[in-house]
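These notes concern the structure reproduced below.
Every number in this text was worked out from the coordinates using simple rules, so none of it is lab data. Since this is a predicted model, take the numbers as computed values, not measurements. Note: ideal-geometry Cβ built from the backbone for every residue, glycine included; neighbour counts use all protein chains shown.
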Amino acid sequence: MLRVQNFTVSSDGFGAGEGQSLEKPFGHADPGNMFAWAIATDHPPINRSEPGGSRGLDDYFTRDYARNIGAEIMGRNKFGPQRGPWQDQEWQGWWGDEPPFHTPVFVMTHHKRPSFTLSDTTFHFVDGDPAAVLAQAKEAAQGQDVRLGGGATIIRQFLEADLVDTLHVAVLPPKLGSGARLWESPDELLDRFHQDVVPSQSGVTHHLFWRK
């Protein structure tokens, strides 16, 4: 199964802003605002300096993030800010020495580079269409699910190829206005997916999709 989990977009459908750089991984979007709902939970995606956190609906989704995941697929822009041929192969992603994935990760790029391992995460750089990359990820997952991590452009490619089985998208109240867009409206997916919409006390609205 190919799953999108905890992918966060603005109310106008953007998963990241414009102008990505080393200092601004999400462009003009503030990641502190984008992911406040997840960071405030009892099982946040990154370690907080203060203990404790919410235990409600948002926490359910952050706890579910790693369940039965055996591999991840991401786009090159999620991995880092470089474009074109790799100028700096010392760059090993935004996450430091202990990435949060704990599985093989397949980075889609037209510019290959050697695989490398940090902690329990191995990054592979692959050039192929979505179906071919998914086949590689499924083999590495050894019977577990594959997570499609984003960004928005990569998720759209896999949706257009009709390869996504389930999606969880957290929609924030503010608008971004421009950037990498997942959708203009979630209704675009209703021809192929069932949908549940569940508001949270944090202010985000969770959109859940599963294949018809």
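Key figures for this structure:
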| read-out | value |
| --- | --- |
| Rounded, prolate or oblate (a/c below 1.5 giving rounded, otherwise prolate when a/b exceeds b/c) for the chain by Cα gyration tensor | rounded |
| For residue 54, distant residues with modelled amide H under 5 Å away | 41, 42 |
| Simple label model, 7 Å out from Cα along Cβ direction - residue 185 to residue 1, nm | 2.9 |
| Gained length - residue 118 relative to residue 211, 0.36 nm times residue gap less alpha-carbon distance | 30.1 nm |
| Potential lengthening between residue 83 and residue 178 on full extension [0.36 nm per residue; Cα-Cα distance subtracted] | 32.2 nm |
| Total charge dipole magnitude, the chain, about the Cα centre, Cβ charges on Lys, Arg, Asp, Glu only, Debye to nearest 20 | 140 |
| Reachable lysines from residue 78, criterion Cα separation under 16 angstrom, eight or more residues apart if same chain | 24, 112 |
| Linear extension gain, residue 162 paired with residue 144, 0.36 nm per residue minus alpha-carbon span | 4.5 nm |
| Selected from 184, 18, 72 as most flexible by GNM, with the chain as the system and alpha-carbon contacts under 10 Å | 184 |
| Gyration tensor (alpha-carbon) shape descriptor, segment 29-135, a/c threshold 1.5 | prolate |
| 22 Å Cα-Cα reach of residue 212 towards lysines, excluding residues that sit fewer than 8 places from it in its own chain | 138 |
| MRE, 222 nm, helices only [DSSP H, n ≥ 4, -39500 (n - 2.57), over the chain, to nearest 500] | -4500 deg cm²/dmol |
| FRET efficiency, residue 126 to residue 55 (Cβ-Cβ, R0 45 Å, nearest 0.05) | 0.75 |
